[in-house]
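These notes concern the structure reproduced below.
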Amino acid sequence: MMPLNAYLYIANIGKFLLQLELFLLLCNNCGSDCYIQTDVQEPISLIHDIRWIMTGDELQKLFGRAISCLENNDLDAAEDLIESVIERIPDSAEAFHVLGLIAMKRGEIRQAGRWFERAANSSADEAKYHYNYGVVLQQMGEMSRAVAAYEKALALDPYHIEARNNLAAALRDTFCLYSAEKHAREVLSSHPQNVNAWNNLGSILRDQGRIEEALDAYRRALSCGKPNSVVHSNLLLCMHYRPECNAGEIFKEHQRWAAIHCGHLKRMSPKELGDSFPKRLSIGYVSADFRSHSVAFFLKPLLYHHDRNRFTIYCYDSGTRSDTTTDWFRKLPVTWREIHHLTDEAAARQIREDGIHILVDCSGHTDGNRLKVFAMKPAAVQVTYLGYPNTTGLSEIDYRLTDAVADPVGEPTPATEALFRLPDGFLCYRPPDNAPSVNLLPALCNGHITFGCFSSIPKLNTQVLELWAKLLLALPSAVLMLKARQFKDTGVAASVESFFVKKRVLNNRIRIVGETSSVSDHLRWYQQVDIALDPFPYNGTTSTYEALFMGVPVITLKGKTHAGRVGASIMTRVGLSEFAVSTLQRYIELASFLSRNLELLSRIRASLRQKLMACNDGVAFTRQIESAFRHMWEKRCLRGR
């Protein structure tokens, strides 16, 4: 998160430098299993000479006092004064603009958007208003409208670097990846040291599956200036997609992240919480994904089934986007805190004041994470869970929740946290309410097997695609369906099709599907798939659960890291451990065997949803999590005596 400056140059009352610490976070969807952070510039456009809106000394004084109040974070007073200006000049675009900045400092994103929109409508030829409106729309996830706002700003000011950089990020979010790349490179052609442009380019290349180039772009961004935790987190996550990166190398980079970005942060003294063994433990969940996001499928059963007689639940929402899923979470018996607009120190103070016993990170190094808050140790016990397939690198986080399949006992697992292995698996999936039914095996009607993979493009590395090409060559009638949001870009689809053609697999055997309009429509595509194929070394998680829920068994390759063993964990828990193979040859052999045994596939398909839901009992799963939390707290208390 990066504080950025807004400079207001005001004629007749001198020049004011206003430091606006807005701390905005912008995110980019990269598939069903993880979301990556992309740095986006904040509203920093200049407010130019505004003598034309001033009609006398009184108005000048009102505006000057408002700016001074805003500079000193007296937001209510600043708002009152600007409203006094609007009473005299009802169509003052500059006044609307400052009200938007005030709303941003309060974390009132939608209200800020309304003010910036009014400013843009009142003065349509000012690029800065359209730019700031685009920033807010982008934060709220309204990417198509954000693209339009940035394009309007650039039409008025073609040299507006921040607008072009943000346009590249917004186009990536709408999966117009090659167009996004063009704009990012245009920024770099004139500003080769622009950190945000290199970071955006890295994320754009990653979404195209060009992992080596993406890693290079992130490293260029890190070399351009002072340490940037957002870029560094993007680099860490991207490393998981590269088969050549080993666990030790990735672990060392996590430790570097912690040393560089958190080594200077001061730990908080623990708050006195009274009874060492309270009847109720206060649990705080920190996430940017209390919304329509893959993480929500796994948070829902946990937060819904917590025993409120034994646990008090706090949710700290670090995201800027909200939707009907957010509303669902907010209606639960939880204390809800929005912290996206708070500094790390302010967020940590809030958590400490809430008296949280155990604080749970649900993001790791993905979008919207607040790991720097955890580095300040606002809670006595801190845990990382769910949102990221590796260590955080922070010694201040005490535990990482996992299981004995994803992280086998006795095998080296580099981590700064102690591994807490849950006995019955570390995931519990809650399917959408309007999911389609399981249909009959498609191969019975089609006369051929359809393999499928619905994971995001970055997971489909060359080794994965080469294995699947060999499988298709071994089964001449089989078809492979690939579904990912990034396939909306025809260039990405053409690149994958070209790869298979070079491996002598004809285009008519590769079916490419892009983004669908709803989760139920997404799941309906599984009705055309007989067998799902899991990528490696970074397995699917949500995509695996979706396939199983729709009756489609998943073949997965057991890897050497947590990210590469999640598939084995899921398949073991559902009673199909034989689908988790140890070699590439066995992967092909199992796929070939199943393709010849349609009766077996039909039986598996008919029973798989029931088996999956039987081992995803939300109540039982939540009780084992609660037992883990109690154990952690008691161990902490005994250690302190």
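The values are calculated or read from the model by the stated rules, or taken from the named source; none is laboratory data. From a predicted model like this one, the values you see are computed outputs, not experimental measurements. Cβ sites come from the backbone with ideal geometry, for glycine too, and all protein chains shown count toward neighbours. Only protein heavy atoms, including side chains, enter the accessible area calculation; ligands, DNA and RNA are left aside. Shrake-Rupley method; radii C 1.70, N 1.55, O 1.52, S 1.80 Å.
Table for the structure above
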| quantity | calculated |
| --- | --- |
| Contact order relative to length of the chain, as percent, for alpha carbon pairs under 8 angstrom and 6 or more apart | 12 |
| Reference-scaled alpha-carbon Rg (2.2 N^0.38 Å with N residues) for segment 118-275 | 1.25 |
| Label point distance in nm, Lys635-Leu598, each placed 7 Å from Cα along Cα→Cβ | 5.2 |
| Stokes-Einstein D in µm²/s, Kirkwood radius over Cα pairs - segment 503-641 at 4 °C with 1.567 mPa s viscosity | 75 |
| Per residue accessible area in Å² of the chain, where ligands, DNA and RNA are left out and the probe is 1.4 Å | 38 |
| Extension reserve of the Glu108-Ala418 stretch, reckoned as 0.36 nm per residue once the Cα distance is removed | 107.8 nm |
| Nearest-0.05 FRET efficiency for Ser477 and Ser607, computed from C-beta distance (R0 41 Å) | 0.95 |
| Gain in span if fully extended, Asn439 to Asp617, counting 0.36 nm per residue against the direct Cα distance | 61.7 nm |
| Solution diffusion estimate, µm²/s, Stokes-Einstein, segment 268-376, Kirkwood Rh from C-alpha pairs, 10 °C, viscosity 1.306 mPa s | 111 |
| Spherically averaged projected area of the chain from its Cα convex hull (nm²) | 28.8 |
| Percent of beta bridges antiparallel (DSSP, segment 273-404, rounded to nearest 5) | 0 |
| GluC sites (Glu not before Pro) restricted to DSSP loop in segment 204-281 with at most 10 other C-beta within 10 Å | Glu272 |
| At q = 0.17 Å⁻¹, base-10 log of I(q)/I(0) for segment 81-126 (Debye sum, equal scatterers on each alpha carbon) | -0.42 |
| Residues with amide H under 5 Å from that of Arg400, placed H, sequence gap 5 or more | Thr384, Ala418, Leu419, Phe420 |
| Carbon plus sulfur fraction of accessible area for the chain, probe 1.4 Å, in percent | 49 |
| Two-site label geometry, Arg504 and Glu249: point separation in nm, points 7 Å out along Cα→Cβ | 3.2 |
